[in-house]
Structure formats: C-alpha cells, structure tokens
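Data block below; observations after.
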Amino acid sequence: MRVAVLGTGIMGAPMARNLAAAGHEVTAWNRSPEKARGIDGVEPAGEIAEAVGGAEAVITMLADADAVEAVVREALPALDGAVLVQTSTIGPEATARLAEQVPGLVDAPVLGTKAPAEQGKLIVIASGPAEARERCAPLFDAVGARTVVLGDEPGASTRMKLVLNTWLLALVEGLAESVALAEGLGVDPAAFLEIIDGGPLGPPYAKMKGTMMIERSYEPSFSLGLAAKDARLALEAAADAGLDLPALRAIRAQLEAAVEQGHGEADMAAAVEASRPG
C-alpha cells in the first residue's frame, strides 16, 4: 500500500521503518523536518499535502489531540479517499470530532513504547468501519505483534486505551513510590526488584522501569509529559462517565510535579523524582 505517516518521533519513526520493511511505499512528514529524514526505506516529505497526496492510508502518530486535529485539518483536502488511521492517544472527544470530519476513520491507538515499536511488536487496538479497518490489516501486521478489534465504532479503541493507560500509570507510580520508600528506609531497592522478579508481583515492566528509577537513567521510551497528558485524558473521560477516581487524581498530581521539576521530556520512570526528598 501507499502509506503516509504523519509524525515521526519516538513511535512514528520506527513504525514508518517497519511499514517500509514490510514492502509498503511509505512517505513521512514531521513538523521538525529532520526527524522525517534518514528513516530506512521511507521518503521524507516537506509538506503534509505532499506526504498525503496519492496515499491509500494516512497514519497519524502525534503528541496530543491539538497536534492531531491541526495536522488532519491540513491533510483533509489531499486525503482523496485515503483511510485515516489515528494511532495517537487523544481522548474520546477529539476522536469523535475527527470521526465527524473523516468518514471511515479507523481509531487504532497502539499499546507499547519505543522498544516494541522498533521491533514491530506493538499491540494495535482497532475500531472503525469494517471495510476501512480490514484495508488496514496489512499495516497493523507490519507494526504490531497483535491486533485487537473492538468493533465498528471509532472511539471504542480510544476508550480502551485510556483504561490500559490508567493501569500502566498506576503500576509506574506504585513502583516509583516503592523505590522511594526503599531508599528512604535504607533498604536496597534493587533487592526489592529481585524479590518480586518473575513472580505474580513482578511483571517484566516493573524490573525495567524500576532499574531506570534506581539508576536515575531516564532515556525516554515514553515521556513523562505524555504520561501526565494521558492521566488528564483518563480523568476527563471518567468525569464524563460520572466516576470519581481519587488514586488517578493523585497519580496525575505526582506526574505533573515531576514535570514541573524539569523531567517532562524524560522517560515516565522519572515519576520517582516527585517522591524523592528535594
């Protein structure tokens, strides 16, 4: 297929590379043009219309709803029947607005961070009109290890992504506070990770993020700033559903405190810095 990838950051660049490696004809655009250059097998485009023109599918992988909606507005005149595949985490309201503008929108947020994106092992959570969704199946196979289909309604996948992210954020913040407590009590946090490793209390993600916290090494695979954004989206969706989620409110506050300390571009493991003594 002829595919345009709009947004080639930590996630978008490896997704574009894997699409090209699978034999698709890929053009990429990024607001910072240098990030769209030098991706193996991918043709960079200087303008959105240039990237989108002639594409059969257009994939957005951008930071937030404002960025996605701005890019889609610019892309609309050139879509010309292409399927829009929205893979960013943008929340239900923005997804609904996009579905009104783009008939046949495929809502397909992905679960996974930098390493799974590079390995083509993301989990794609797809919903939207069956015909459009099925056209995109080869693209999902190129970037993901598994595709979970949630029906014909765009928005179903976005809602599920917020549920998944709420679980992930709770895991990371709980891990951060456990590491900080171990340090405060004079207990070796590496021993804590060793004790839980491999058992029901120790998912592999805990070992990976916990080690980053202990080493204070925060090379981003998913940034703290984006994690805070996802917490906000989940809380907004919860409020719309008449739910009060106090633990998630507290997690959001901790994430934002770490962002205010200057860790917004660091990996979300830097959430631990909000629990360490100043």
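Readers should treat all values here as calculations from the given coordinates under stated rules, not as data from a laboratory. Since we're looking at a predicted model, the values are computed, not measured. With ideal geometry, Cβ positions are generated from the backbone for all residues, glycine too; neighbour counts draw on all protein chains shown.
Shown for 31, 73: other C-beta atoms within 10 Å of each C-beta, ranked fewest to most, produce the order 73, 31.
Computed on region 2-152, with alpha-carbon pairs under 8 angstrom and 6+ residues apart, the relative contact order is 20 percent. Calculated [222 nm] ellipticity per residue, helices only, for the chain: -15000 deg cm²/dmol; basis is -39500 (n - 2.57) per DSSP H run with n ≥ 4, divided by all residues, nearest 500.
Measuring between alpha carbons in the structure, the pairs from 207/229; 161/209; 161/229; 121/229 lying more than 22 angstrom apart are 207/229; 121/229.
Think of each Lys and Arg Cβ as +1 and each Asp and Glu Cβ as -1; about the Cα centre, that makes the dipole of the chain roughly 280 debye. Centre-to-centre, using Cα atoms only, region 80-153 and region 248-277 are separated by 29 Å. Its residue count N fixes a reference of 2.2 N^0.38 Å for the chain, and the Cα radius of gyration divided by that reference is 1.03.
DSSP beta bridges fully contained in the chain are about 15 percent antiparallel. Here region 119-278 is treated with +1 on each Lys and Arg Cβ and -1 on each Asp and Glu Cβ, and its dipole about the Cα centre works out to around 240 debye.
Centre-to-centre, using Cα atoms only, region 199-237 and region 1-26 are separated by 25 Å. The H on the amide N of residue 59, modeled in the peptide plane, is under 5 Å from the matching H of 4, 5, 6, 85, each at least 5 residues off or on a different chain.
For the chain, what are the DSSP H helices with axial Cα length of 15 Å or more and mean Kyte-Doolittle hydropathy of at least -1.0? Span-like helices, by this rule, are 65-79, 156-184, 204-215, 224-240, 246-258. Taking label points 7 Å from Cα along the Cα-to-Cβ direction, residue 153 and residue 93 give a separation of 1.9 nm.
Here region 2-152 is treated with +1 on each Lys and Arg Cβ and -1 on each Asp and Glu Cβ, and its dipole about the Cα centre works out to around 440 debye.
The residues neighbouring residue 215, those whose beta-carbon lies less than 14 Å from its own, together hold a net charge of -1 under the Lys/Arg +1, Asp/Glu -1 convention.
Ordering 246, 223, 122 by Cα displacement along the dipole of the chain toward the positive end leaves 122 in first place; charges were set at the Cβ atoms of Lys, Arg (+1) and Asp, Glu (-1).
Does region 1-142 classify as rounded, prolate or oblate by the C-alpha gyration tensor (a ≥ b ≥ c root eigenvalues; a/c under 1.5 gives rounded; else a/b over b/c gives prolate, otherwise oblate)? Rounded, since a/c falls under 1.5.
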